[in-house]
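Below is one structure, written out as structure tokens; the observations come after it.
The values are calculated or read from the model by the stated rules, or taken from the named source; none is laboratory data. Worth saying up front: this structure is predicted, and the values here are computed from it rather than measured. Heads up, the Cβs are rebuilt from the backbone with ideal geometry, glycines too, and the neighbour counts pull from every protein chain shown. Just so you know, the surface numbers come from the protein's heavy atoms only, side chains and all, with ligands and any DNA or RNA stripped out. Shrake-Rupley method; radii C 1.70, N 1.55, O 1.52, S 1.80 Å.
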2 protein chains.
Amino acid sequence: MTLSDEVRIALDGKWRHVREKSRTELAGLDLAFDHDLTLDQARERTFAQLKELVPTGVPAAGFKTEHGGGGDPGMAVTGIEMLAQFDMSLMVKAGVQWGLFGGAVANLGTERHHALIPQIINLDLVGCFAMTETGHGSDVQSLETTATFDQATGEFVIDSPTPGSRKDYIGNAGKHASVAAVFAQLITRGERHGVHCLLVPIRDEHGADLPGVTTSDCGHKGGLRGVDNGRIVFDGVRVPRENLLNRYGTVDEGGAYTSPIEDTNRRFFTMLGTLIRGRVSVGGSAGAAAEVALSIAGRYALKRRQFGPDADTEVLLADYRMHQRRLLPLIARSYAYRFAQNQLVARMHKLQNIDGPPTDDTAQQQRELEGRAAGLKAMGTWHASRAIQESREMCGGAGYLSENRIATLRDDVDVFTTFEGDNHVLLQLVAKEMLTAYGQEVGGLDPVGMVRFVAGTVTDVVKERTAASQLIQRLIDARPGGDEHDLLDRGTQLELFEDREQHVIETAARRLQRASKAEPEEAFEIFNNAQDHVIRVGRVHIDRVVLEAFTAGIARCEDEDAADLLRDVCSLYALSTIEEDLAWFMGHNRLSDQRAKVITSEINALLDKLRPHLLTLVEGFGVPESTLDAAILRD
Amino acid sequence: MTLSDEVRIALDGKWRHVREKSRTELAGLDLAFDHDLTLDQARERTFAQLKELVPTGVPAAGFKTEHGGGGDPGMAVTGIEMLAQFDMSLMVKAGVQWGLFGGAVANLGTERHHALIPQIINLDLVGCFAMTETGHGSDVQSLETTATFDQATGEFVIDSPTPGSRKDYIGNAGKHASVAAVFAQLITRGERHGVHCLLVPIRDEHGADLPGVTTSDCGHKGGLRGVDNGRIVFDGVRVPRENLLNRYGTVDEGGAYTSPIEDTNRRFFTMLGTLIRGRVSVGGSAGAAAEVALSIAGRYALKRRQFGPDADTEVLLADYRMHQRRLLPLIARSYAYRFAQNQLVARMHKLQNIDGPPTDDTAQQQRELEGRAAGLKAMGTWHASRAIQESREMCGGAGYLSENRIATLRDDVDVFTTFEGDNHVLLQLVAKEMLTAYGQEVGGLDPVGMVRFVAGTVTDVVKERTAASQLIQRLIDARPGGDEHDLLDRGTQLELFEDREQHVIETAARRLQRASKAEPEEAFEIFNNAQDHVIRVGRVHIDRVVLEAFTAGIARCEDEDAADLLRDVCSLYALSTIEEDLAWFMGHNRLSDQRAKVITSEINALLDKLRPHLLTLVEGFGVPESTLDAAILRD
């Protein structure tokens, strides 16, 4: 086995078999995006491709065996992620159908709904996930669509009472979905019970809107031409009482509402929490797209020569310091996020335990998982946008041509920073998890609800590590003294990340605590003045989680040469992350001016060290050759 | 007049009349991009729009009156820039035809070529600018296409001797151009004379390739669907001797080559220097596109409400601290770059003096102008990409829909960082201008040529200011002592920018000086190790140029209220620029930890102060209402 193989095995992680299978299986399908198709043709082609995925087992993987699924959530999200390396539109459509729509039915529904799952898997029933409204995206609790129970007929009546309550940007709603999982304010006997989800048929078998339903098309977008995003307006649409996905709240024939979770907020966040796979998939898929772009840009840097010492000797792009500075830290970050993503998927898989017996109360772990999924989605999608953009520029004018793949990835990945929640809102969610003494009566995602519950003390937040904690603590304890070369020591890096997180959290908490007894207006003001600080909590937390995951991933790597290489990549990730926030480390006396200056030369030394391994590093991503079919890489 | 009007007048600058005319005149044409068109239809539509521009006078503006032009280069680039606010494809096609192709004929040709200019203006002669090759983009001196003089027939023979010598990404070459201005290595009597430009017919009146010419289409791109980028391969294509654009080098009937500039390098860079308008237009147009995106995002922030102190009170996006932090510094930077762009255009206009009598030797001013044009193009196009991307994200999922304009701007502007030279290469060019004792025998753009000529001393580089220098020096001299509030003082800001530039240049020069006597390989090594430092010279130089231009622009503003507002915007630009490089200012003892910490709170205070003026600020851009026709801004 080559070093690339060993690196790839380390990066592939636990669902390596799924990745390997996808690499060959998907390469056998005809998935290359065709820009000459009209919007309508592109959508039909993507839909046709979706059908070809059914036999791969990926669509079934995320559902319980007893429902006809594969009982393997890890496989489900890994399989979706792999699609992103072939075509992002296909990845999104698959994610909508099996992840979001299927996930809502599986997780929010009960037995009578679970019977639909086989049809969802094999595409006999195509659905959409109608959560976002024109007026509210990330603030799901404020959705305005209503589902009012009509006791006389035993039906729910679905309405879009305001222009802002129109369902918007809904994947599959433009054309292919016949049913929508509609999130709406549940009203029965004149009382509101918060947001619930109902199955609402929207189109007949000929694709025409059903009575009271008005769908429309979102039209052209910045990318994702194969996805039919659409809008839905409901005017008195009636569905049987049984269409309520009633695992967390049910309405009986007489209109009485009952729920196993009394607190409305807690119920809402519990429901949302079951849908975590969407965020996990979005983060992972954006990362997969970035890997494709970096693989193309990396190979191009090893092929393209420009300028040089004299007229006859042109130099490879990869040998220019500036080019190394642009390319290698992005590759290192992609490695880091992949290790973190693998860890996230493994934890999600374990916690969801979908085919296993009921487990003890896992509320704490579930909240941690949600925070990580949100934070990694935010940081990972931003990284992907940045890496793909830089890859485009690193390929010059050629990078702008569709035949070289990167421009399309760039267009497609753009919306991932918004999908499944705006990144800034998600980082606030992470911060909230870190900052609040999250109790039964936890506040919503609203700013005031958040500051109300800031914990009295946050001293132990960072120390309370799980999984990898022993290894991490050992490294931190073993770190050398403060001489200037200690910045390459993993323990020193971990300690710097941890210490920064702890400080940022403590100071943010101190600023917010004043709000805990204030009136709403004033509490909002206090929150708002600290908002950039709060979001920073989320960022530095994820930086630390990622470095720990990378460290743990290296510890699991069985090949010593691969582990050595990964150690340097990890240091490049750590040091370039520190470099980006250097003013903080200096201003807070975590790094002296002298040590701060060493960072840049240490990074340059790492670039020199990693340069000979550039091809190995991009091969390590394991991007299938067929998806690297960029004209600039052909001879 | 409203405050917005006064601000707009200040920003409009000297060619305000051109801007005002374009705003109404272009709004009267049907220029909104239609995403439903096929690639071919989109190109035909853009070409049809191009014809509608002829009567506006903008196409003629850039040519001498005696050649049938308008004698107003400032109007030419301002007019092109305004097109970018309506449709970027149209801007690019206009820039190619009248700026690049027409500019080559006007500036590199002589009388016999100038006779063509009226046909170029009115589109009877459509051309393309065939400089870039598959193998060489930014390194123009290494182009491989040859133009060999055949004494027997008195013709030049044009050849593409290698696969890399294919002309590539050439606008108008995909379909509409009948003639190409071809840059090629001139060979006569077996001797090479460097890159020259020749007019080569490529298509007959039916659009078919002429004998020996093979054109092809670059196909789909990341954006700019209305532009027909293409490739051209030449195989023994013969053109009369007179087709050489022979202002800077001519070949007589006997094949003897003569040139008014003996040194090959100097001749080459003089020729390139006459084509400066392309870079000026690209930078300005990217800025104009960013203004459209920020105008949409700014207005949306004043309309869209999310979350809030309680369920009934949702808060405007514009009132969130994080949103202000994302939006307002980008607006401030767009203001700053517009003032710098106006100054650049005014200097270019004055120096080109196209209808005036011959002037004294302006070589020094010309080099300065080229450095600024290159640097502002680089920094301005990166800013535009970033501002448009952030605007997209600030509009959430709606920002991704083509109906809201921003996604298309984002796709179209992407390649501007590569157009007219890769931004990193351009910043190296700026650095070279700052670092070298630029003499008659100046080296090329190649790294070794560059380090060979690093000046013995660079002490006075920054001090040698032109135009605005008295005002700037007065402000610097009048700055208060180092108390913590002095960071809002313009003199203090200017001094910080100037001091940083001086230090970065001096230290870079010191690193490079070792190379002046080294062998090529070693000299390259020394350059390469310092490459990130060299590029940083270009960045910090442009930061200073921009701050000075903003300062000078405020001094020219006649309305006191507008000037007051602009002063705050300028401080926001200055402080957010310092904040982005804070580690440098701290590490080099330019800002104490204490003063460094004040930066963030001063920025937040400026955000509070500017928030009530958000609408005024975006209205100040003067983006025509018709180009702001985004669905999310309609009621």
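For B:Val237, the residues whose modelled amide H falls within less than 5 Å of its own, excluding neighbours fewer than 5 places apart on the same chain, are B:Ile158. The contact between chain B and chain A removes approximately 6400 Å² from the accessible area (both sides summed; 1.4 Å probe; ligands, DNA and RNA excluded).
Database remark: amide H of A:Arg192 closer than 5 angstrom to no amide H (H placed geometrically; neighbours at sequence offset of 5 or more, or on other chains; Pro and chain starts carry no H). Across the copies of the chain, A:Arg112 has label points (7 Å from Cα along Cα→Cβ) spaced 9.0 nm apart, shortest distance listed first. The length gained on full extension between B:Asp40 and B:Thr65, counted as 0.36 nm times the residue separation minus their Cα-Cα distance, comes to 5.4 nm.
Entry comment: accessible area of the protein assembly as shown is 35 Å² per residue, from protein heavy atoms only and a probe of 1.4 Å.
Each part gets one Cα centre, and for the stretch A:1-40 versus the stretch B:506-521 those centres are 47 Å apart. Restriction of the GluC sites (Glu not before Pro) in the stretch A:156-255 to DSSP coil positions whose beta-carbon has at most 14 other beta-carbons within 10 angstrom yields A:Glu205, A:Glu253. When both the stretch B:605-635 and the stretch B:149-202 are represented by their alpha-carbon centers, they are found 48 Å apart. Here the label points at A:Asp252 and A:Arg238, each 7 Å from Cα along the C-beta direction, are separated by 2.4 nm in the simple model. Magnitude of the charge dipole for the stretch A:89-238, about its Cα centre and with charges confined to Cβ atoms of Lys, Arg (+1) and Asp, Glu (-1), is about 320 debye. Starting from the label point of A:Ser601 at 7 Å along Cα→Cβ, the same points in the other copies fall at 3.6 nm, in ascending order. When shorter helices are ignored and each DSSP H run of at least 4 residues is given -39500 (n - 2.57), the per-residue value for chain B at 222 nm works out to -16500 deg cm²/dmol. For the stretch A:44-144, a crude dipole built from +1 on the beta carbon of Lys and Arg and -1 on the beta carbon of Asp and Glu, taken about the Cα centre, is about 200 debye to the nearest 20. Here the stretch B:86-151 is assigned +1 on the Cβ of each Lys and Arg and -1 on the Cβ of each Asp and Glu. Its dipole about the Cα centre then comes out at about 200 debye. Each of B:Ala340, B:Ala301, B:Tyr248 was scored by the projection of its Cα onto the charge dipole of the stretch B:248-407, and the greatest displacement toward the positive side belongs to B:Ala301; charges sit on the C-beta of Lys, Arg, Asp and Glu. Comparing the full protein assembly with the isolated chain, the residues of the stretch A:315-346 losing at least 10 square angstrom of accessible surface (1.4 Å probe) are A:Val315, A:Asp319, A:Tyr320, A:Arg321, A:Met322, A:Arg325, A:Arg326. Each copy carries a label point for B:His588 at 7 Å from Cα along the beta-carbon vector; from one copy to the others these points are 2.6 nm apart, nearest first.
By the gyration tensor of its Cα atoms, with a ≥ b ≥ c the square roots of the eigenvalues, what is the shape of the protein assembly as shown: rounded for a/c under 1.5, prolate for a/b over b/c, or oblate? Taking the square roots of the gyration eigenvalues as a ≥ b ≥ c, the protein assembly as shown is prolate.
In terms of distances greater than 31 angstrom between alpha carbons, the cross-link table entries A:Lys93/B:Lys51; A:Lys14/A:Lys93; A:Lys221/B:Lys14 yield A:Lys93/B:Lys51; A:Lys221/B:Lys14. Each part gets one Cα centre, and for the stretch A:351-396 versus the stretch B:255-297 those centres are 45 Å apart. Among the trypsin sites (Lys or Arg not before Pro) in the stretch B:498-574, none sits in a DSSP loop with a Cβ that has at most 14 other Cβ atoms within 10 Å. Per the Debye formula on identical point scatterers at the alpha carbon atoms of chain A, with no solvent, log10 I(q)/I(0) at q = 0.09 Å⁻¹ is -0.75. Of the residues making up the stretch A:184-230, those losing 20 Å² or more of accessible area when the isolated chain is joined by the remaining protein chains, with a 1.4 Å probe, are A:Cys218, A:His220, A:Lys221, A:Gly222.
For the stretch A:147-226, applying the loop criterion from DSSP together with a ceiling of 14 other beta carbons within 10 Å to the trypsin sites (Lys or Arg not before Pro) yields A:Arg189.
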